[in-house]
Amino acid sequence: MIEVAEAAEIVWSSAEALPTESVSLDRLNGRILAEPIDAERDQPPFDRVTMDGIAVRFERGRKRWRLQTRQLAGDPPTRLASEEQAIEIMTGAVLSSGSDTVIPNERYELIDNGDTTEVVLESGYQPEKGQNIHRQASDHIAGSTLLQPGHQLTPAEIAIIASAGRTEARVHRLPRAAIVATGNELVAAGDSIQAHEVRLSNAPALAAAVKGVTGIDCDWHHLPDDREVLASALGEILRDTDILILSGGVSRGRADYVPEVLESLGVKRRFHRVRQKPGKPLWFGTVETGSMVFGLPGNPISTLACFCRYVRPAMMLMAGNANVQTPTVKLANDWTFSPTLTAFVPVVVQPDSEGQSWASPLPTNTSGDFSALAGAHGFVELAATDTRFEVGRAVSYFPWR
Ligand code: AMP
Ligand code: MG
């Protein structure tokens, strides 16, 4: 049996970022960038008008102008003829050459004199030279790097990639994940169930957890506790899977065949059993192809806790994010226990007005206690080296998502 930190290190050092692929803008959200994105042009690409109004040449004390022409955003640039004239101009337009100041339209009135239009400034209003102009290249110059590789893309960064004129960007390939629930007693929701059977809940939970990391829909399978069936189905599934996540069948029961079947398929056992509660029977192995196999214990809290503690960081690394940080929260209550194993304790986490997150542990009787999942936001990890955890102690926090 090994310690939690050692197990996590073995998993982490076995994972590698997957090769890269080019992905179109509409599918980039949440993906991890594998190349720098450089600016196509200066930003703004020209002196850009930032208010609907008139473009004028600044002259202290001037109150009236003659309207010369109109220029909308997207129109080719115009040229202001003289300081007595003004060009009506819209937000996003190129500042007219010969002008240097934009006066917003709520500060003047237009007076129609038949063949000419006059602009009359609001009395008492004093424009400042250069106002309401976003100068060319004041945000960045053409060729400057806007995004660095390793970054997980959000809608804001997709705007930046599009603004750089790119229809695609290189990102790391997403891990192909497969989920397998094992257990003769399990019956999926929607199928009729008998008194001695149990609802299969881990696979849908794992599929949701995988989707939370990669954004992809992940199919799941249900297999019985049968050596031959497991061997042939798992052999097949492993062929095109980067991460295989199993639940159940890794303890020491008579029908717990998962470890021996995986080893017979050439999956190298890296560890079995970790000094943690829940989730002690956790099994982890790797394949020469680089694929990873997690045999998570079947108790629902163990399954989810082991996913968050071990599988999720490995998936993120495979997807290209080597910068996975474990957040900490502070304990909201004194917590005393006599652990022999590192404890994963379900918690409710609440922020205070200073933005500090406080975790209130929800005690559970067994690792199969569902009531501790409802309402809990995730779990905290309490090392077995201590027996007393005082209020305010910072501990590692693993949210369900
Ligand atoms: P195992 O790890 O196979 O010994 O399973 C431990 C416990 O978790 C047993 O009570 C199982 O019935 C239960 N269990 C295993 N897999 C699932 C699942 N997919 N959904 C709900 N409960 C499960
Ligand atoms: Mg089982």
Of the residues in the stretch 21-60, those that are free of Cβ contacts under 8 Å to residues at least 40 places away in the same chain and within 16 Å of Ile216 (Cα to Cα) number 2
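Quick grid of which residues meet (1) out of contact with any Pro (no Cβ under 6 Å at 6 or more places or on another chain); (2) aliphatic (A, V, I, L, M); (3) open to solvent by less than 20 Å² (accessible area, probe 1.4 Å); (4) modelled with pLDDT under 95:
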{"site": "Ser144", "(1), (2), (3), (4)": "yes, no, no, no"}
{"site": "His151", "(1), (2), (3), (4)": "yes, no, no, yes"}
{"site": "Ala159", "(1), (2), (3), (4)": "yes, yes, no, no"}
{"site": "Glu168", "(1), (2), (3), (4)": "yes, no, no, no"}
{"site": "Glu185", "(1), (2), (3), (4)": "yes, no, no, no"}
{"site": "Ile193", "(1), (2), (3), (4)": "yes, yes, no, no"}
{"site": "Asp217", "(1), (2), (3), (4)": "yes, no, no, yes"}
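Could you identify the single residue in Glu83, Glu9 that is in a helix (DSSP H, G or I) and either open to solvent by 70 Å² or more (accessible area, probe 1.4 Å) or over 25 Å from Gln152 (Cα atoms) (or both)? I'd like the intermediate steps shown before the answer.
Values: Glu83 fails: in a helix (DSSP H, G or I).
The unique qualifying residue is Glu9.
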Checked against (1) open to solvent by less than 30 Å² (accessible area, probe 1.4 Å); (2) more than 16 Å from the chain's Cα centre (by Cα); (3) away from ligand 1 (no atom under 16 Å from the Cβ), Pro175 satisfies every condition except (2)
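Could you identify the single residue in Glu236, Glu197, Glu228 that is surrounded by fewer than 16 Cβ atoms within 10 Å (Cβ to Cβ) and within 15 Å of ligand 2 (Cβ to nearest atom)? Quick ask: steps written out before the conclusion?
Values: Glu236 fails: within 15 Å of ligand 2 (Cβ to nearest atom); Glu228 fails: within 15 Å of ligand 2 (Cβ to nearest atom).
Glu197 is the lone residue from the list that is surrounded by fewer than 16 Cβ atoms within 10 Å (Cβ to Cβ) and within 15 Å of ligand 2 (Cβ to nearest atom).
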| said: Yes or no: the stretch 62-76 includes at least one residue that is in contact with a Lys or Arg (Cβ under 9 Å, 6 or more places away or on another chain) and of a type in the set (D, E, K, R). | reply: no
Expected single match for outside any helix (DSSP H, G or I), within 30 Å of Leu362 (Cα to Cα) and aliphatic (A, V, I, L, M) among Leu304, Leu246, Leu206 is Leu246
**Request:** Inspect the stretch 306-317 for any residue being under 21 Å from Ile216 (Cα atoms), buried (at least 17 other Cβ atoms within 10 Å of the Cβ) and within 16 Å of ligand 2 (Cβ to nearest atom) and give the result as yes or no.
**Result:** yes
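Table: residues versus (1) at pLDDT below 95; (2) under 23 Å from Gln136 (Cα atoms); (3) open to solvent by less than 60 Å² (accessible area, probe 1.4 Å).
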residue	(1), (2), (3)
Gln68	no, no, no
Gly74	no, yes, no
Arg79	no, yes, no
Glu88	no, yes, yes
Thr91	no, yes, yes
Val94	no, yes, yes
Asp100	no, yes, yes
Filtering the stretch 239-262 for residues that are among the β-branched types (Val, Ile, Thr) and within 10 Å of ligand 2 (Cβ to nearest atom) leaves a count of 2
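Sort out which residues of the stretch 264-293 are free of Cβ contacts under 8 Å to residues at least 60 places away in the same chain, within 16 Å of ligand 2 (Cβ to nearest atom) and out of contact with any Phe, Trp or Tyr (no Cβ under 6 Å at 6 or more places or on another chain), and write them in order of number. Walk me through it before giving the result.
Let us first name the residues in the stretch 264-293 that are free of Cβ contacts under 8 Å to residues at least 60 places away in the same chain, namely 264-269, 272, 281, 283, 285, 287-289, 291, 293.
Imposing the further condition that a residue be within 16 Å of ligand 2 (Cβ to nearest atom) reduces the set to 272, 281, 283.
Those that are free of Cβ contacts under 8 Å to residues at least 60 places away in the same chain, within 16 Å of ligand 2 (Cβ to nearest atom) and out of contact with any Phe, Trp or Tyr (no Cβ under 6 Å at 6 or more places or on another chain): Pro281, Trp283.
The values are calculated or read from the model by the stated rules, or taken from the named source; none is laboratory data. As the structure is a computational prediction, the values presented were derived from the model and not from experiment. Every residue, glycine among them, receives a Cβ derived from its backbone with ideal geometry; neighbour counts consider all protein chains shown. Each accessible area value is taken on the protein alone, full model and side chains, heavy atoms only, with ligands, DNA and RNA left out. Shrake-Rupley method; radii C 1.70, N 1.55, O 1.52, S 1.80 Å.
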